[in-house]
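A.B. asks: The structure under discussion is supplied below as structure tokens; questions concerning it will follow.
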Amino acid sequence: MELEQLIIDCSIKQKKGLHFISASVVIWTIILLVHLSGLNIEQKNLVTFCCSAILFPLAWLMSKWLHIDFQGKGNPLSQAGILFSINQMLYILIAMWVFAAMPEKMLMVYAMIFGAHLMPFSWLYRSRSYLVLSIVIPIATLILGLLYPPSVIAAAMIVFEIVFTVCLFGECRNLPKKEEPQH
């Protein structure tokens with residue numbers, strides 16, 4: 001298969017990563033609840049990091065609910081998607097440093113990293129939504145993080161992720177239909 005066909009196949013089978021973005025709505029909601037709690041900032045930040053651990057299981061559940069091929073077997077570009085996701089883990093080291101140095105700014109940095117890591121997916125899925133939000137999220141969370149407490153960032157991320165999910169549903173409606181195997 002040529003590259004464009006592989007990209008289209010990946011976009012169709014994985015519905016442009018809709019399962020991961022919809023799972024992130026749940027995760028950011030949990031993060032908001034944590035940041036509205038009476039925990040101290042270090043505890044809130046630690047629980048925020050722990051919330052990341054449920055992304056893959058939650059995305060897997062969403063893939064079942066949304067009828068998405070979670071692994072994208074048979075398409076070598078699925079491995080690129082995994083690489084793009086794992087790449088974010090290296091940048092989380094920056095958030096870990098902020099956790100210790102300026103704990104009140106950790107969620108801002110965490111959200112900026114999350115937003116910026118979306119950019120390669122704009123290529124993988126030929127998605128304007130990924131491109132726009134990979135730029136908007138880091139800039140918006142920087143501004144919000146400099147002006148407001150972390151709970152405002154978490155609330156804004158929920159809004160961004162809901163808008164993102166709706167946009168991806170729209171993009172997926174415009175994809176060619178998945179061809180069913182011949183029996």
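A.B. asks: Just checking, which of TRP60, TRP28 is open to solvent by 50 Å² or more (accessible area, probe 1.4 Å) and out of contact with any strand residue (DSSP E or B) (no Cβ under 8 Å at 6 or more places or on another chain)? It would help to see each step written out before you state the result.
C.D. replies: Values: TRP28 fails: open to solvent by 50 Å² or more (accessible area, probe 1.4 Å).
On inspection, the qualifying residue turns out to be TRP60.
A.B. asks: Any chance you could count how many residues in the range 44-57 are closer than 27 Å to ARG126 by Cβ and open to solvent by 80 Å² or more (accessible area, probe 1.4 Å)?
C.D. replies: Of the residues in the range 44-57, 1 are closer than 27 Å to ARG126 by Cβ and open to solvent by 80 Å² or more (accessible area, probe 1.4 Å).
A.B. asks: Look through TYR148, TYR110, TYR130 and report the one residue that is open to solvent by less than 60 Å² (accessible area, probe 1.4 Å), among the aromatic types (Phe, Trp, Tyr) and either in contact with a strand residue (DSSP E or B) (Cβ under 9 Å, 6 or more places away or on another chain) or closer than 24 Å to LYS44 by Cα (or both).
C.D. replies: TYR110
A.B. asks: Does the range 75-91 hold any residues that are in contact (Cβ under 8 Å) with a residue 24 or more places away in the chain and surrounded by fewer than 17 Cβ atoms within 10 Å (Cβ to Cβ), and which are they?
C.D. replies: Start the filter on the range 75-91 by keeping residues that are in contact (Cβ under 8 Å) with a residue 24 or more places away in the chain, which leaves 75-78, 80-81, 84-85, 87-88, 91.
Correct list: PRO76, ASN87, GLN88, TYR91.
A.B. asks: Would you pick out the residues in the range 58-72 that are in a helix (DSSP H, G or I) and either modelled with pLDDT under 90 or within 13 Å of ILE21 (Cα to Cα) (or both)? Can you show your working first?
C.D. replies: First, the residues of the range 58-72 that are in a helix (DSSP H, G or I): 58-65.
Of everything in the range 58-72, those that are in a helix (DSSP H, G or I) and either modelled with pLDDT under 90 or within 13 Å of ILE21 (Cα to Cα) (or both) turn out to be LEU58, ALA59, TRP60, LEU61, MET62, SER63.
A.B. asks: Among the candidates GLY38, GLY81, GLY72, single out the residue that is at positive phi and either out of contact with any strand residue (DSSP E or B) (no Cβ under 6 Å at 6 or more places or on another chain) or not aromatic (Phe, Trp, Tyr) (or both).
C.D. replies: Values: GLY38 fails: at positive phi; GLY81 fails: at positive phi.
That would be GLY72, the only listed residue that is at positive phi and either out of contact with any strand residue (DSSP E or B) (no Cβ under 6 Å at 6 or more places or on another chain) or not aromatic (Phe, Trp, Tyr) (or both).
Residues checked against (1) open to solvent by less than 30 Å² (accessible area, probe 1.4 Å); (2) closer than 23 Å to ILE30 by Cβ; (3) within 15 Å of the chain's Cα centre (by Cα):
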residue: GLU104; (1), (2), (3): no, yes, no
residue: HIS117; (1), (2), (3): yes, yes, yes
residue: LEU124; (1), (2), (3): yes, no, yes
residue: PRO138; (1), (2), (3): yes, yes, yes
residue: THR141; (1), (2), (3): yes, yes, yes
residue: ALA154; (1), (2), (3): yes, yes, yes
residue: VAL163; (1), (2), (3): no, yes, yes
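A.B. asks: Another question, if that's okay. Inspect the range 106-118 for any residue being outside any loop (DSSP other than H, G, I, E, B) and out of contact with any helix residue (DSSP H, G or I) (no Cβ under 8 Å at 6 or more places or on another chain) and give the result as yes or no. Full working, then the answer.
C.D. replies: Step one: list which residues in the range 106-118 are outside any loop (DSSP other than H, G, I, E, B), which gives 106-116.
After this cut, where a residue has to be out of contact with any helix residue (DSSP H, G or I) (no Cβ under 8 Å at 6 or more places or on another chain) as well, the list is none.
Within the range 106-118 (the criterion being outside any loop (DSSP other than H, G, I, E, B) and out of contact with any helix residue (DSSP H, G or I) (no Cβ under 8 Å at 6 or more places or on another chain)), the answer is no, since none of the residues qualifies.
The values are calculated or read from the model by the stated rules, or taken from the named source; none is laboratory data. All values derive from a computational prediction rather than experimental measurement. Here Cβ is always computed from backbone atoms with ideal geometry, including for glycine, and neighbour counts include all displayed protein chains. Accessible surface is based on the protein model in full, side chains and every heavy atom, while ligands, DNA and RNA are left aside. Shrake-Rupley method; radii C 1.70, N 1.55, O 1.52, S 1.80 Å.
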